[in-house]
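The structure appears right after this line, and notes come after that.
The values are calculated or read from the model by the stated rules, or taken from the named source; none is laboratory data. Worth saying up front: this structure is predicted, and the values here are computed from it rather than measured. Using ideal geometry, Cβ is built from the backbone for each residue, glycine included, and neighbour counts are taken over all protein chains shown.
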Amino acid sequence: MGAPVVHFEIYGKDASKLQSFYADLFGWEIHTDNPANYGIVHTNSGDKGIGGGITEGDARVNVVIDVDDLQKYLDKAVSMGGEVVTPITEIPDMVTWAEFRDPAGNVIGISLAES
């Protein structure tokens, strides 16, 4: 079985402005009531699509893919010409994740799939 895309992220210099833009454009609910003010996106699309986040950073769009072994996939990405951007990081009670840059320069997130 393949690895599913489970989350998206939209980054920009003014996260609050982006959060308002996407909430108004698509009718998304965006919650920032967390210590990082990370905009957790609920697309209100029922069982279609995935949720995501809108946060501050250099402008880019990121997808997050669930895998069963973060280090294995980071090592494989590096062996294939990628580079680690964010090492394995745990956000307690939320997610364990990492990011790599592919050979074209795209940043891709990976998260530890729940068993």
Quiz item: From the residues in the stretch 8-61 that are over 20 Å from residue 97 (Cβ atoms) and among the charged types (D, E, K, R), which one is surrounded by the fewest Cβ atoms within 10 Å (Cβ to Cβ)?
Solution: 47
Quiz item: Taking the stated definitions as given, is residue 65 without any contact (Cβ under 8 Å) to a residue 24 or more places away in the chain and within 25 Å of residue 100 (Cβ to Cβ)?
Solution: no
Practice problem: State the number of residues belonging to the stretch 67-106 that are surrounded by 18 or more Cβ atoms within 10 Å (Cβ to Cβ) and either aliphatic (A, V, I, L, M) or farther than 18 Å from residue 36 by Cβ (or both). | Solution: 8
Practice problem: Collect the residues in the stretch 59-110 that are part of a helix (DSSP H, G or I) and either at pLDDT below 95 or in contact with a strand residue (DSSP E or B) (Cβ under 6 Å, 6 or more places away or on another chain) (or both), keeping them in residue-number order. | Solution: 70, 73, 74, 77
Practice problem: Select from the stretch 41-58 the residues that are among the polar types (S, T, N, Q) and either in contact with a Phe, Trp or Tyr (Cβ under 8 Å, 6 or more places away or on another chain) or in a strand (DSSP E or B) (or both) and list them in ascending order. | Solution: 43, 44, 55
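Given the criteria touching a Gly at 6+ places or on another chain (Cβ under 9 Å) and assigned to a helix (DSSP H, G or I), does residue 19 qualify?
Yes: the conditions hold for residue 19.
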